[in-house]
Structures are given as C-alpha cells and as structure tokens.
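The structure appears right after this line, and notes come after that.
The values are calculated or read from the model by the stated rules, or taken from the named source; none is laboratory data. Predicted model only: the values in this text are computed from it and were never measured. Please note: Cβ atoms are built from the backbone with ideal geometry, for glycine as well, and neighbour counts cover all protein chains shown.
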Amino acid sequence: MLLKAEFPRNYEAKTICCFVLDTSGSMGGEPIAELNNGLKEFHEEIHNDETTAQRLEIAIVTFDNNIKIVQEPALVEDFAAPTLTVTGTTRMVDGVREAITLVETRKQWYKQTGQQYLRPWIILITDGAPDGGQNIHGLAQEIRDGMNNKAFVFLAVGVKGADMKILQTISGSLKEKSVGPYMLQGLKFSEFFEWMSASMAIASSSAEGDKVSLPKPTWTDGFEI
Amino acid sequence: MNNKTSTHSWLIVSHSAIGRQHVKKNIPCQDAHYLIEVNAETGIAVVCDGAGSAIESHMGAKIVAKQTSVLLKREIETVAWQFPSNTDANIWQNISYEVLLKVRDFLNRFAKKTNRDVKLLACTVIVVVYSPHTILISHIGDGRAAYCNNRGDWQAIMTPFKGEEANQTMFITCDLWCSHAEYLECNIINDDIAAFTLMSDGCENYAFQTNSYDEEKGIFFSLNEPYSKFFQPLTGQLLSLYKQGYSDQELNKEWQNFIESGNESLAKESDDKTLILGILKA
C-alpha cells in the first residue's frame, strides 16, 4: 500500500438489545439451563467481535411473579453473563412493559449525552402464557405503536409450551411485514443466541434506514423479517 | 462511473467501494460518483449514497450522480451564468434547486416508464463545483465535504442532515426538500483552493472527526471537522506519485486500494465507501 494516512478517533453509534426472559417455574430444569448457556455463549460471541462489542449495549429483564432488571444496559465488557434461576408465575406483560420503559429511558440518555444510536431491539423469550388479569391487548397496542413509530423492534420467541396465539397478538410489524412470533425448535437456545449475535452485528452496523435483513436462523421453522 | 483523474489543473482521485455488509448480503454497492470537466480549471464532482432501505437505490445513485453532473454542466455553460465571476448565494441556491428538481423529475419519469416505485431509487446527493478560487456546494442528505486553502487549513463546507437515529437521513426522492429550503444546503467558498473532498457517510469516520467526548461533563458532542492528519499526507503522497510520472489510472488504482483497505477498520467497514479527493496541481 503506497498511500498512508492517520485516522481520527470517533465514538460508535450505540444499539441497545433488551432481553425479556421468562424465569417462571415452568422454565425449570433443562430450559433454564439451556437459556443460561445460550446467554453465556451470546456474551462471549459479542465479546469476541471487537466492533459489535463497542456498539451493542445489552440489558436483561426477567419476569416471574416479580419483574427484575437483572442487567442495566451495558457493553459486554462491563458485565458478566448472569445465571438465572426460576420461581413462581408469569407476569409477562409487566416484564415487556419494563423493557419498553428501559429502552425508552436509555434512548433519552443517548439523546441527553449527545450519542448517536440505532433502533433498539426488545427480545421476549417465554415458555408459557401470561398470568391472568394482565392487559394483553393494551400491551399489543403499545408494541404495535412502538414498532410503527420506529421506537423499537420487538421479537417474541416461544419455547415449547408457549401460548403462540398470545405471542402472535403482541407481535408487531415493520413496513407492513409482521415480525414473529417464532417458535424455538426443541431447546435450541444455543443456535438462537448464535443467530442473535450475528443479527446484532448486522443491526448495530446498519446504515440501512428501516430495513435490516438478518441471517437465516436454524432455531425455528419459517422466518421472515 | 466516470473516473477521469486529472483535468489540466487538478489531480482528482475517486472510488466507490462496496461495504462488507453489502458483500455478505449479496447486494450491490449503493454508492455512486461522477466527475465531469467544464474547462481546464473547473469541474463538477458528485457523490450519491443509495438508501439502504431502498432495494434499487444503487440504480438511483448512478442516475442521480450522472444527471446532476450533466445538467449542471449545461447550466454553467449557459451565457446567463458566468461562473465563477458571477456567483452569489441566491443564484447558486436557485440553480441547485432547479437542477436537482430536474434530476428528481428525471428519476420520476424513469420510474414511471420502467414501472418502478421511485422511492426504491432513493439516494442522497452532494454536488461540488470546483475551481482554483471558488467552490460551490449543495447537498441533500448526509455525507461530508471539505476544502483546504493554500495555507493548509482544512474546513468543512457542508453539514450532513441526520435523522433521530444514526442511520436516517434525507433523499432526493423525499418531498420535504422541495418545499423547505433548509433541507437543500448550498454554500459558496471564495478562497485560494488547494484541495477539496466529498464523500459518502461510509467514509466519514475515517476522514472526519465526527464526535468527541467531554469527560468533565460526561457528554458526547458532534463535530464536523475534516481530519488534516488524514488529508495532509494523502495529498502530499498523491502529488509526489504524480510528479514521479504515475498515470491517472495508476493513481486511481492506488486510491482504490486505499479506500478498500487503507487500514483494518476501513477494510471492515460495513457501509459502502465513496471518497473523492481533488488536488490543485502546483
């Protein structure tokens, strides 16, 4: 190379990915063990991808009978993958709402601190149906509005036993194309998180306006986004 | 793509390189550029960046780059407008507006004739008219441009339009700029010009200081400063190669190598990269 130059140091635009994870009793045993493994692998994959590691902030909200922010938004270098445990029931709607608030707060913080950002992602993983008395339709409207107003992308993933009809109800669309829900085949968490890390590498480096085309997943049947 | 490297007075290198994500996803390079000479001292350089969300924007970018150059050249050659002696901000603003409207009409007609949605051809456009003592620039959308005077100072000559999210901007196919003058930014620089540059946003973080961090206040802030440690060595090296007898083609080949893999990050850049650098021969 004959031509040489010095390059400036600029900070990367951030993308936040917030996982909303079901830690209710029914996830006990193999499912939660696989989910924990998947999270660790995801953390490692992102960590090994220098560029994405500087762009992608990860947050984790869990829901059972309580809603917990297990991980506030952070780059992978600033936290270790958690080991989740299970208990109680499924306050899914409250969990997803917490995530929506969390990404909105983070966006405000990006704005206040002058940081560039890309559209946030909210990923729900559940194996059941939400507790009775929760406002599914209210949440569905909130998600539809959020997707239409380009506030975030919401992706629902069902593990065996999940009520896919409810996940369908709360799934929104991008450019009139519905996004999910997707059924995880067996307990292919490992494949799912591998796909997530590849997708997040794409989403966090996207210069693509609205549309991000993600790699073809191996953890579900039929996928279009 | 028109890659003519030197006019009588200028040494100009240009390249549009496909970004890594576009290679992975098997979509073409959506950037395009065009260079056209008006006379020995004056020329036009255009950079267009097709919208990632519009599947045929590579085509739109090519059309807009060429049409803008050709129509503007015609405009400059009309008797009514004696460039560069008779340029004021209003004239340039009006000419930019009219030329880009014509280009937009051309795109609309092309889309209609070929049964396409014109939005699928969406792209940004930066147009520069360069001459030794005057630069005219107008643009819709993002990207960057700058010039260097004969004292060696590099300065930005446009402000990119950025939406709320980091990857959103305005395109020539949008309606907004037709009715709101602020979305079509036009500037005139009268100075002794030593060099100029224009680029798509895929190159901006390598050639510009685009942001910085204030540790005391804990905030990031935007900057629009051409990085002279980037441009200074490149202009020097290119002039030196030119003086050693490198042909236009050889110089552009070196430039192509540099844009494609000048450092590890440039090589890994996910977005398409276009960078034009014009240097006034001594």
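Key figures for this structure:
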{"read-out": "Residue count for the stretch A:114-137, restricted to those that are more than 11 Å from chain B (Cβ to nearest Cβ), of a type outside the set (Asp, Glu) and touching a residue at least 12 places away in the same chain (Cβ under 8 Å)", "value": "13"}
{"read-out": "Residue that is touching a residue at least 40 places away in the same chain (Cβ under 8 Å), charged (D, E, K, R) and more than 10 Å from every other protein chain (Cβ to nearest Cβ), where the choices are B:Asp271, B:Asp248", "value": "B:Asp248"}
{"read-out": "Scope the stretch A:1-29; condition of a type in the set (Ser, Thr, Tyr) and either within 14 Å of another protein chain (Cβ to nearest Cβ) or out of contact with any strand residue (DSSP E or B) (no Cβ under 8 Å at 6 or more places or on another chain) (or both); matching residues", "value": "A:Tyr11, A:Thr15, A:Ser26"}
{"read-out": "Unique residue being of a type in the set (Lys, Arg) and away from chain B (no Cβ under 14 Å) when the list is A:Lys68, A:Lys111", "value": "A:Lys68"}
{"read-out": "Out of B:Lys229, B:Lys243, sole residue that is facing chain A (nearest Cβ under 10 Å), over 16 Å from the mean Cα position of the chain (by Cα) and among the basic types (Lys, Arg)", "value": "B:Lys229"}
{"read-out": "Pick from the stretch A:165-196, criterion in a helix (DSSP H, G or I) and more than 17 Å from the chain's Cα centre (by Cα), ranking: surrounded by the most Cβ atoms within 10 Å (Cβ to Cβ)", "value": "A:Ile166"}
{"read-out": "Answer from A:Arg97, A:Arg9 - the residue that is basic (Lys, Arg) and surrounded by fewer than 17 Cβ atoms within 10 Å (Cβ to Cβ)", "value": "A:Arg9"}
{"read-out": "Given (1) modelled with pLDDT of 90 or more; (2) touching a Leu at 6+ places or on another chain (Cβ under 8 Å), number of the condition B:Ala65 does not satisfy", "value": "(2)"}
{"read-out": "Residue in the stretch B:177-219 that is nearest to the other protein chains (Cβ to nearest Cβ), counting only those that are of a type in the set (A, V, I, L, M) and assigned to a helix (DSSP H, G or I)", "value": "B:Ala207"}
{"read-out": "Among residues of the stretch A:71-94, those that are in a helix (DSSP H, G or I), at pLDDT 95 or above and either within 14 Å of chain B (Cβ to nearest Cβ) or loosely packed, with under 14 Cβ neighbours inside 10 Å (or both), counted", "value": "0"}
